[in-house]
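First the structure, then my questions, so here it is.
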There are 2 protein chains.
Amino acid sequence: MGPDAVLWRPEDLMLYEYDALSSVTQPQAVVFPTSTDQVVGIVKIASQAKLPVVARGAGTGLSGGAVVTEGGIVIVTSRMKKILEIDLENRRARVQPGVVNLDLSLAVSDEGYYFAPDPSSQKACTIGGNVAENAGGPHTLAYGVTTNHVLGLEAVLPSGEVIHTGGTYWDRPGYDLTGFIVGSEGTLGIVTEITVRLCRKPEAVKTLLAVYDAVVGATRSVAAITARGITPAALEMMDGFTLRAVEEATHAGYPMDSAAVLLIEVEGLREAAEENAEAVEEVCRENCAREVRRAKSAEERDLLWRGRKNAFGALGRISPSYYVQDGVIPRTRLPEMLEFIEQVGKLHQLRIGNIFHAGDGNLHPLLMFDARDKDQSQRVLKAAEAILTKCVEMGGSITGEHGVGIEKRDLMPLIFSDDDLEMMGRLKAVFNPRGDLNPGKLLPAGRMCGELRVQVSQGGEV
Amino acid sequence: MGPDAVLWRPEDLMLYEYDALSSVTQPQAVVFPTSTDQVVGIVKIASQAKLPVVARGAGTGLSGGAVVTEGGIVIVTSRMKKILEIDLENRRARVQPGVVNLDLSLAVSDEGYYFAPDPSSQKACTIGGNVAENAGGPHTLAYGVTTNHVLGLEAVLPSGEVIHTGGTYWDRPGYDLTGFIVGSEGTLGIVTEITVRLCRKPEAVKTLLAVYDAVVGATRSVAAITARGITPAALEMMDGFTLRAVEEATHAGYPMDSAAVLLIEVEGLREAAEENAEAVEEVCRENCAREVRRAKSAEERDLLWRGRKNAFGALGRISPSYYVQDGVIPRTRLPEMLEFIEQVGKLHQLRIGNIFHAGDGNLHPLLMFDARDKDQSQRVLKAAEAILTKCVEMGGSITGEHGVGIEKRDLMPLIFSDDDLEMMGRLKAVFNPRGDLNPGKLLPAGRMCGELRVQVSQGGEV
């Protein structure tokens, strides 16, 4: 692969110790393959050397999926960035995993198409990473998460074997290996090619900002919009604390004195979108919106979204550190959850901002703290766990779109029984029998038969 | 379970030898459990007696998924027909597997909801069977297949262990076992509970019938509608031969002298649906539709759909037997495929009718023959194989919605490599190590490690 495709000096390796979380160890090497064949070669070398292999996209993940837990080789996919095939008539594309999410949409934009999953990191994150974490985004409400847009995969197993799953259609004969690999966080195979669905851009998009003097109006509007039978393309909520931070950073035009805003997008044929926008406006006003604005141009629309998509960065300006959580609840319980989060903040003396993919019931509480302060860090972790536990109690789940990674592996027993986790471990072992693909992720420690064996045998024979 | 829950007399067992295909052997017993616990009991007894277990819904399947290949116990789910929970606010329901597909929609209809997957057999088929085969239907185009509507499952493994998968959200933490089990045709576990998404009924539905003097106008309209950025809820096509048979049987009002019709449904808020209907009408006229009718009432709409949904029965009136095939191709290649099917019909001297879920590129050629005539039967099988092989050559697949069953297991190597199939076999063995759940289905003979071991050891020790 040549010397410029491998990093091995400790100072170079340091850069690859982090995604949103940080590694406890350095990898032995970081490599940058350009082809499936090179990935096969790397995996075989790693297997001979008994080294773990961790695949990494852009490192924008939020659950520690790409960090190293036991050393080994990090395969960075950033040079596997070819769009291999575009078939607009049948609305699909085949890409290498390192293609940046937004770049695929840009490549087909002039012809009127786009790739629907749009995580807020879409300017940087890779489609391979989206597949690993089954990433979501603001448009999940109408379009689903990454798995709903992946038709087929090519993946390299730890043995060096290359498998092909799925195809180009909704219903795939045989066991759905594609769906099984999407969201598996690099623990089953290294994905080297992805066939995705492309969506047709709607004729018209209407973007609305509904402004509330009380949070409860916003949460009620969310329930009322969906009860009315409207599925907006996006239905996002920000609380007052967050929108003020965002407004100061981005000047998107969010009113500084409001308690909450909803950012709502409806789309379709011109008149259809107009009718939906009017209906949404009416529902918001009925639920005490003090104002409903509409973006009048593409620029205004972009500005509203820039605020939303840069919200995490904006909060970074007002707090030395922040911890973004990711949970999901029935959307009807949003008001109750917001109250709960407020109480948790008071109890642990933390400022907590709230950004929700409200239509999905997908929460992103942002906990402000100073990472240099041990006590604050501890309180943040306790507060986060309290919120996630509450999500599960409400019939929800511990992650809406960020994945399990190392962050939540030990919370998996909150939603799965020992038998369920045992079954996952056995299935994992079929792909990854020695546990050397992305060890320490997704399944709670002690339940990963494969992993355990490797840990035990790391100094000796496998 | 009581004596009325078990059948064992050969004359009673006969009824359970068939779905669309027929069994080569009789089961030893047919049982009708009402609860998960009873299923666990049956599975344990079967395991002790080393008998295969085959789950069966309504027996409406079209690929032999529910027929018996090696004797054993048939578990019929028809008494597990409770709707266990309906949560309209969060749009979901939890049901037993024997609930008839249409009954779930009827149960929530007054409140304005429905269950989207609607196979043509929806008045009879069960949701458990839909899950087993990952069934489709005319509304797949907009709403996806069964797997897109299943959020979570409870399943009994051959060991008697009960697992719970998924939950109530799009993105499920951990490996997606739910998606893996949907479409696995009863070879991984007996599904005993299903959590599904419910959809909100649209405010307005417009049903159109576009009539063509030449087939090519219809196929071009299909491509043009989707290229225009419209996703109809349904986009069905029938050729002249089929629509005449249907018209004679159902008097749905299809014009007897036309070469093809498209049945198109658009929906949404009132004005949005209207605008979409107008756009569809325009596109059809541009592509040489001689007439585009609209259903003016719910009765007219039902009549148009009754024609489509009873099409198979209608063809049964004009031919002693028919064989319905199920393949899928890129929808842009429909014109070419129709020509190919015509040639195949001529070559094998068979009349072939065509019904397509045209929007999906999902073909249902109907091959007319007389099953009592050996030569005709042989020609039908050859013609069907030629059509499916062509589907694969065109970049398509061997089944769009009916599943693999016994019918297509030996065609799986057309689309999967030995390595891919080997991987499927290994994953299956994790759930079903002795291969005693629905043996002989889905994977080609000789590749199912589990199965083979059982066959070898059937007379002795396992």
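The values are calculated or read from the model by the stated rules, or taken from the named source; none is laboratory data. Here the structure is a predicted model, which is why all the values come from computation and not from measurement. Backbone-built Cβ (ideal geometry, glycine too); neighbour counts: all protein chains shown. For accessibility, only protein heavy atoms count, side chains too; no ligands or nucleic acids. Shrake-Rupley method; radii C 1.70, N 1.55, O 1.52, S 1.80 Å.
Mind listing the label-point distances from B:Glu422 to the same position on all other copies, shortest first, one decimal in nm, points 7 Å along Cα→Cβ?
Sorted ascending, the copy-to-copy spacings read 2.9 nm.
Could you order B:Lys428, A:Lys296, B:Lys309 by accessible surface area, starting with the largest, using a probe radius of 1.4 Å? All intermediate terms of the calculation are to be shown ahead of the outcome.
Numbers: B:Lys428 5, A:Lys296 175, B:Lys309 45 Å².
The ranking, largest first, comes out as A:Lys296, B:Lys309, B:Lys428.
With no solvent and one equal point scatterer per Cα, compute the Debye intensity ratio I(q)/I(0) for the protein assembly as shown at 0.05 Å⁻¹ and report its log10, rounded to two decimals.
One equal scatterer on each Cα of the protein assembly as shown leads to -0.28.
May I have the extent of the alpha carbons of region B:319-402 along their three principal axes, as whole Å values ordered from largest to smallest?
Principal axes ranked by extent give 36, 22, 16 Å for the Cα atoms.
If you plug each phi of region B:65-80 into the Karplus form 6.51 cos²θ - 1.76 cosθ + 1.60 with θ = phi - 60°, what whole-Hz ³J(HN,Hα) values come out, in order, with x for Gly and Pro?
Here the 3J(HN,Hα) series is x, 9, 8, 9, 10, 9, x, x, 9, 9, 9, 8, 8, 5, 9, 8 Hz.
Just add up the charged neighbours of A:Gly152: K/R +1, D/E -1, any other residue whose Cβ is under 12 Å from the Cβ of A:Gly152.
Numbers: positive: A:Arg92, A:Arg94, A:Arg172, A:Arg197; negative: A:Glu85, A:Glu154, A:Asp176, A:Glu193, B:Asp420.
Once positives and negatives cancel, what remains is -1.
Another one. Can you give the mean number of other chain Cβ atoms that lie within 10 Å of the Cβ atoms in peptide B:134-147? Numbers along the way, then the final one.
Details: counts 5, 1, 2, 0, 0, 0, 2, 1, 0, 0, 4, 4, 2, 5.
Per-residue shielding by partner chains comes out at 2.
Pairing the Cα long axis of helix A:270-286 with the longest principal axis of chain A, what angle in degrees results, from 0 to 90 and rounded to the nearest 10?
70 degrees
Once Rh is set to the Kirkwood radius over Cα pairs, what Stokes-Einstein translational diffusion coefficient, in µm²/s, holds for region B:1-160 at a temperature of 37 °C and a viscosity of 0.692 mPa s?
Numbers: Rh = 16.4 Å.
The Stokes-Einstein estimate is 200 µm²/s.
Taking the alpha-carbon distance from A:Lys309 and a cut-off under 18 Å, which aspartates and glutamates remain once sequence neighbours fewer than 8 residues away in the same chain are dropped?
A:Asp103, A:Asp118, A:Glu236, A:Asp239, A:Glu247, A:Glu248, A:Glu265, A:Glu299, A:Glu300, A:Asp326, A:Asp360, A:Glu401
Same structure again: Where both residues lie in chain A, what percent of DSSP beta bridges are antiparallel, nearest 5?
Of all bridge pairs located within chain A, approximately 90 percent are antiparallel.
Considering Cα pairs under 8 angstrom that are at least six residues apart, work out the relative contact order of region B:319-402 and quote it in whole percent. Please report the intermediate quantities before stating the final value.
Values: 143 pairs, mean separation 35.8, N = 84.
Dividing the mean separation by the residue count of region B:319-402 yields 43 percent.
Right, something else. Which entries in the list B:Lys123/B:Lys296; A:Lys82/A:Lys390; B:Lys374/B:Lys408; B:Lys390/B:Lys428; B:Lys296/B:Lys382; A:Lys201/B:Lys123 go over 32 Å, if you measure between the two C-alpha atoms of each?
Numbers: B:Lys123/B:Lys296 24 Å; A:Lys82/A:Lys390 43 Å; B:Lys374/B:Lys408 20 Å; B:Lys390/B:Lys428 29 Å; B:Lys296/B:Lys382 44 Å; A:Lys201/B:Lys123 36 Å.
The answer is A:Lys82/A:Lys390; B:Lys296/B:Lys382; A:Lys201/B:Lys123.
Would you rank B:His164, A:His139, A:His251 by solvent-accessible area, highest first, keeping every protein chain in place and using a 1.4 Å probe? Can you show the working numbers first?
Values: B:His164 90, A:His139 25, A:His251 125 Å².
Result of the area sort, largest leading: A:His251, B:His164, A:His139.
Measure nothing fancy, just the Cα-based angle from helix B:374-393's long axis to the longest principal axis of chain B, in degrees from 0 to 90, nearest 10.
Compared with the principal axis, the helix lies near 80 degrees.
What net charge do the residues around B:Gly98 carry, taking every other residue with its C-beta under 13 Å from that of B:Gly98, with Lys and Arg at +1 and Asp and Glu at -1?
Value of the local net charge: +2.
Let me ask something else. 7 Å along Cα→Cβ for the label point: how many nanometres lie between B:Lys44 and each equivalent label in the other copies, listed shortest first?
Counterpart label points of B:Lys44 in the remaining copies fall at 5.0 nm.
Here's another thing I want to ask about it. In whole Å and largest first, what semi-axes does the C-alpha gyration tensor of region A:204-313 yield when each eigenvalue is scaled by 5 and square-rooted?
In descending order the semi-axes read 21, 17, 10 Å.
How high is the relative contact order of region B:204-313? Use alpha-carbon pairs under 8 Å, at least six apart in sequence, and give a whole percent. Could the numbers behind the result be given before it?
Working: 184 pairs, mean separation 47.4, N = 110.
Dividing the mean separation by the residue count of region B:204-313 yields 43 percent.
Per-residue Cβ counts within 10 Å, from other chains only, averaged over B:424-433: what number is that?
Numbers: counts 6, 2, 4, 7, 3, 2, 8, 4, 0, 1.
For this peptide, the per-residue mean of nearby foreign Cβ atoms is 4.
If you don't mind, there's one more thing I want to ask. When DSSP beta bridges are limited to those with both residues in the protein assembly as shown, what percentage is antiparallel, rounded to the nearest 5?
Working: 120 of 136 bridges.
For the protein assembly as shown, the DSSP antiparallel bridge percentage is about 90.
Peptide A:267-275: average number of partner chain Cβ atoms within 10 Å per residue?
On the way: counts 0, 8, 11, 2, 8, 12, 2, 3, 9.
For this peptide, the per-residue mean of nearby foreign Cβ atoms is 6.
Let me ask something else. Rg to Rh ratio, region B:107-187, alpha-carbon atoms and Kirkwood radius? Provide the component values of the computation, followed by the final result.
Values: Rg = 13.6 Å, Rh = 13.7 Å.
With Rg and the Kirkwood Rh in hand, the quotient comes to 0.99.
Using a 1.4 angstrom probe, figure out how much accessible area region A:319-402 has per residue, in square angstrom, rounded to the nearest whole.
Numbers: 3250 Å² over 84 residues.
Result: 39 Å² of accessible area for each residue.
So, taking all protein chains as they sit and a 1.4 Å probe, how much accessible area belongs to A:Lys382, in Å² rounded to tens?
For A:Lys382, the solvent-accessible surface is approximately 130 Å².
Quick one: which residues, 5 or more positions from B:Glu193 or on another chain, have an amide H under 5 Å from its amide H? H modelled 1.01 Å from N in the peptide plane, none for Pro or chain starts.
Residues meeting the criterion, in which the H sits 1.01 Å from N, are B:Glu154.
Hey, any idea what Rg/Rh is for region A:383-450, computing Rh the Kirkwood way over Cα pairs? Present the calculation step by step, with values, prior to reporting the outcome.
On the way: Rg = 12.6 Å, Rh = 12.6 Å.
The Rg/Rh ratio comes out at 1.00.
I would also like to ask the following. Please go through region B:110-186 and write out the GluC sites (Glu not before Pro) that DSSP classes as loop and that have at most 10 other C-beta atoms within 10 Å. Please report the intermediate quantities before stating the final value.
Working: sites: B:Glu111, B:Glu133, B:Glu154, B:Glu161, B:Glu185; in loops: B:Glu111, B:Glu161, B:Glu185.
Nothing satisfies the criteria.
Charges at C-beta only: +1 for Lys and Arg, -1 for Asp and Glu. How large is the resulting dipole of the protein assembly as shown about its Cα centre, in Debye rounded to 20?
Details: 94 positive and 122 negative charges, 152 e Å.
The calculation lands at about 740 debye.
Something else: Given label points at 7 Å from Cα along Cα→Cβ, what nm distances, shortest first, separate B:Val24 from the same residue in every other copy?
In nanometres, ordered from closest: 5.5.
Using helices alone, I'd like the mean residue ellipticity at 222 nm for chain A: each DSSP H run of four-plus residues gives -39500 (n - 2.57), total over residue count, nearest 500. It would help to have the intermediate numbers written out before the result.
Values: 15 runs with 160 residues, N = 462.
Estimated from H runs of four or more residues: -10500 deg cm²/dmol.
Between region B:41-77 and region A:132-205, what is the separation of their alpha carbon centroids in Å?
Region B:41-77 and region A:132-205 have Cα centres spaced 32 Å from each other.
Under the Karplus relation 6.51 cos²θ - 1.76 cosθ + 1.60, θ = phi - 60°, what is the ordered set of whole-Hz ³J(HN,Hα) values for region A:213-226, x standing for Gly and Pro?
Calculated HN-Hα couplings, in order: 8, 9, 4, 4, x, 5, 5, 5, 4, 4, 5, 5, 5, 6 Hz.
Let me ask another. Mind grabbing the base-10 log of I(q)/I(0) for region A:52-127 at q = 0.14, 0.17, 0.19, 0.24 Å⁻¹? Debye formula, identical points on the C-alpha positions, no solvent, two decimal places.
Each listed q corresponds, in turn, to -0.50, -0.68, -0.80, -1.09.
Next up: Please work out the ratio of the alpha-carbon Rg of region A:202-243 to 2.2 N^0.38 Å and round it to two decimals. Spell out each step's value before the answer.
Details: Rg = 11.6 Å, N = 42, 2.2 N^0.38 = 9.1 Å.
Normalised Cα radius of gyration, region A:202-243: 1.28.
Given Cα pairs under 8 Å that are at least 6 residues apart, what percent is the relative contact order of chain B?
Values: 1006 pairs, mean separation 67.6, N = 462.
With pairs under 8 Å counted, the relative contact order is 15 percent.
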